[in-house]
1. With a Förster radius of 22 Å, plug the Cβ-Cβ distance of residue 2 and residue 181 into 1/(1 + (r/R0)^6) and report the FRET value to the nearest 0.05.
2. Subtract the Cα-Cα distance of residue 197 and residue 136 from 0.36 nm times their separation in residues, and report this length gain in nm to one decimal.
3. Using θ = phi - 60° and the Karplus relation 6.51 cos²θ - 1.76 cosθ + 1.60, list the HN-Hα couplings for the range 12-21 in order, rounded to whole Hz, with x at every Gly or Pro.
4. Quick check: residue separation of residue 152 and residue 13 times 0.36 nm, minus the Cα distance between them. What number comes out in nm?
5. Quick check: from the Cα gyration tensor, does the range 167-211 come out rounded (a/c under 1.5), prolate or oblate?
6. Compute the label zone of residue 32 within the range 228-246: residues whose backbone N is under 20 Å from the point 7 Å along Cα-to-Cβ.
7. How would 2, 107 line up from fewest to most surrounding beta-carbon atoms within 10 angstrom?
8. In terms of modelled amide H atoms, which long-range or inter-chain residues lie less than 5 Å from the amide H of residue 202?
Amino acid sequence: EVHRKLVVGNWKMNGNLNQLGEIAAIAAAAKEAAGVDVAICPPFTLIAAAVARSGGLPIGGQDVHSAESGAHTGNVSAPMLQEVHARLVIVGHSERRAEQHETDAEVRAKAETALRHGLQTIVCVGESEMDRAARDHVAVVTAQLEGSLPDQAHDGELVVAYEPIWAIGTGNVATPEDIAEMHAAIRAALVERLGEFGERIRILYGGSVKADNAAAIFAVPHVDGALVGGASLTADQFVPIIEAAA
Ligand code: PEP
């Protein structure tokens, strides 16, 4: 099954109000790239202002709590994201799994809440350099996926992002062969778990995607788009990646 490609920018803890012009420029370019879905996930504080500047380009969060409200100081809920017209959310990014010690079970609970609230939900998985050196990478990632996938995967739009930790923010992009192996394994695991519906879930690659490697990555089987960190911060760098997906 061939999917429309999805290219998502993850601004991480970067950006400020003065940089929202980049989102406006990205949105204008995304409109021209008719065959590609594009979205940006800025920090929470910028979501409302980004929505106002985005001309319909979907804006999302980089995390969400699994509860709807309550005593969870510092967290943001799915209804809060909805209220400011966020349309998607990233859950289980490796930086949160590392820094906030998020487990598969927590990621799964977040994904379930996000889907229930109609947010397109990007569940991230990826192995460490050690896992790969030990040749455990496929087993590690498929186990992570199994633990992180929501039960109600059919409700709303679930997306999986494969992001090898050693490739994030390092400039060390995975080879097309590495990506092909893992995306095929993820596709097989999705089909095993969800049946035919598993064919419909888009699988993004993330990890040092740039203008000069994007086309080769998008050509790999079962790569249905990209999750882009550093190169999503400016239109100059991000627009060529969108165009490579078109
Ligand atoms: C990411 O954090 O999702 C990511 C892929 O970062 P970068 O593109 O900077 O490697």
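1. Efficiency, from the Cβ-Cβ distance: 0.65.
2. On the way: separation 61, 0.36 × 61 = 21.96 nm, distance 2.70 nm.
The span from residue 197 to residue 136 would gain 19.3 nm if fully extended.
3. Result, ordered by residue: 6, 8, 9, x, 8, 4, 5, 8, 5, x Hz.
4. Numbers: separation 139, 0.36 × 139 = 50.04 nm, distance 3.00 nm.
Value of the extension gain: 47.0 nm.
5. On the way: a/c = 3.39, a/b = 2.44, b/c = 1.39.
Prolate is the answer for the range 167-211, as a/c is 1.5 or above and a/b outweighs b/c.
6. Within reach of a label on residue 32: 231-246.
7. Working: 2 5, 107 25.
Listing 2, 107 from fewest to most nearby Cβ atoms yields 2, 107.
8. Distant-sequence amide H within range of residue 202: 160.
Here, each number is a calculation from the coordinates, and none is a lab measurement. This structure is a prediction, so every number in the text was calculated from the model and none was measured. FYI the Cβ positions are ideal-geometry reconstructions off the backbone, even for glycines, and counts take in every protein chain you see.
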